[in-house]
Every structure is written in structure tokens, then in C-alpha cells.
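Novice: If you scroll down you'll find the structure; I have some questions about it.
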Amino acid sequence: MEHNKFMLLFIYLTSETYAKVIRFKEEQFYLDPKTAEKLRFPSIEDESTILLSVIVPAYNEEKRLPVMLEECLDYLEKKLNSDPSCTFEVLIVDDGSNDKTTEVGLSYSKKYGCDKVRVLTLSTNRGKGGAVRLGMLSARGKQLLFADADGATTFEDISKLQNNLKELVKDQPMDKALGLVCGSRAHLEKEAIASRSFFRTVLMKGFHLLVWLFAARSVRDTQCGFKLLTRPTARLCFPNLHIERWAFDVELIYIAEYMNIPTGEVSVRWMEIEGKFKNRSCMELASDGSRLDPDVATVFHWSLES
């Protein structure tokens, strides 16, 4: 208990009130693999030119990324063929990978064209939150979705989020309205607890308690990597994010709550995917938990400054 008090005090005294967004020069451009030309990314401050941007943060995802992209692009292409107004882009953000994540992304850019698929390769690893933020700041859509590269969430469930977003913004133009919809696995919680070890359950409950006490209270599942927001919401929230690691979702939701941005939560289909985070040891999970606690405390710190 005393340790936690000292940790909160240390973070309060040393954290910065205003977020810093660092972007290197080479991260301002994407490659057209057909012409080998480097083109400048647009800015979130620009007017939207398409309906939907899908931001996919990816770190060492050369194996799992193709499965996600196949499902995502198949769905989006069918939507576009049935309704020409459903224009889209998929923006893969390679978060400083050591494998061929960028090459995999560029193969889809070559196949579909760089108007539909673009790759933003970061010079250094930022963390998931940092990757999502730079992707959002480079997107063209009226609506912006970020989705995990592992494909754990059934992509066509984006339609549920889009319907909820329309309800939130009501009759306002999507380009002018504020709104955030979070995909949720909360309906799967009982089943998950039944199959999860006691230690994992304690970590999960502890994290949820910290989030509820110090940060977001309007969303049950803050960590589902499937969230949809309007362009004005992205303009407001992402330049103000302090957290660049896994708990950035908590701060995003906190900012939305603080600014009275209409927020929704919609159940999505989700399945456990083989890969980096399945079957991890208790020690590894505990290590992740110790990193999440300071992130939640960071949100608490700047909320006091607000």
C-alpha cells in the first residue's frame, strides 16, 4: 500500500501535464510500391476525403497480419462494391518491427493500391498507443477505427460500431460531430473467468479496479482493440495522449469522458489468437501489470492538473 502511495506521488511530481508528440521526418512519408515514390501523409487537421480509415498497429506481426488483412480488406471491398460511398483506407503502422511486417504491408499496398492500403513505418518502437496515435494523425477518414493486427475481433462487427456511432452523433454531420464507440468483450467475462487461472483473474480484477478508481468509468472493457471514432474526436483526443503503451485506451476514454464526448460500448465477437500473449507465464503477466499501474496513475496525475 505504501509502495503504491509513493509511486503515485512520484508520478504526480515527475509527469508532464502536456503531451509530447514526436515524429521523425521519415515517418511523414509512405511508399508507393508501384512507383517507388515516397509521398507525404495527410494530416488529421485536413478535411476528410474518404469515409473510413482503419488503423492497424503492428509490431513483429509478419505471420498474423496477413490473416487480419485478408478478412478486413475482403469485407471493405464488398462494402465498396455494393455502395460506392463506402470509401476506405487501411493504414498499417509498423511500430519499429524486427521482422518483415513492413514488407507484408507493402505487398497489400501493391495489390490494392496505395490509395487503399498504406504503410507507416516508425523509426523506433513507440508502443501500441504511440503507433495508433501516429496512424490517426495520418488518416483521411470521416470515421476512424483502430483494430489489432492479430484479428481477434471479427471485422464485420464494425457495422455494429458504425450503427452505434450514428446514434451517438444523431443528426449532426460526421465531419463535425464528436463520438467514440468501444468494442467490448464484457459479455464474455464469465466464460473467460471460468477458463482463466486464479492469478490471471486477480490481475484482471486489480487492473479494472485501478481504472475505475483513477480513470475511466463509462466503459466496462477499456482494453478491447476495436474502437471507432469521428474525425473531430481524433483531433481532440490523440494529440493529448500521454500514454504510448498498452493502457493508452484508458487515457483515451478518460479524455472522452472529461470532454463530454458521447461514448458507446458495443459487444463484439472475439476469440483468443495464438501468438505473443497467449499462454504467457504468471511472471510475464505480473510484469505487464506493473507497467500498466503507472500508466493508469499518469492519467490520474494529469486529471488533477486539468
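Novice: Please state the relative contact order of segment 70-181 as a whole percent: Cα pairs under 8 Å, 6+ residues apart?
Specialist: In percent, rounded to a whole number, it is 24.
Novice: 5 Å is the cut-off here: which amide hydrogens, built 1.01 Å from N in the peptide plane, fall below it relative to residue 51, excluding neighbours closer than 5 in sequence?
Specialist: Under 5 Å from the amide H of residue 51: 87, 88, 142.
Novice: On to the next question. Output ³J(HN,Hα) for segment 248-259: one whole-Hz value per residue in order, computed from phi by the Karplus curve 6.51 cos²θ - 1.76 cosθ + 1.60 with θ = phi - 60°, and x for Gly and Pro.
Specialist: 4, 4, 4, 5, 4, 5, 4, 4, 4, 5, 4, 8
Each value in this text was obtained by applying a stated rule to the coordinates, not by laboratory testing. Here the structure is a predicted model, which is why all the values come from computation and not from measurement.
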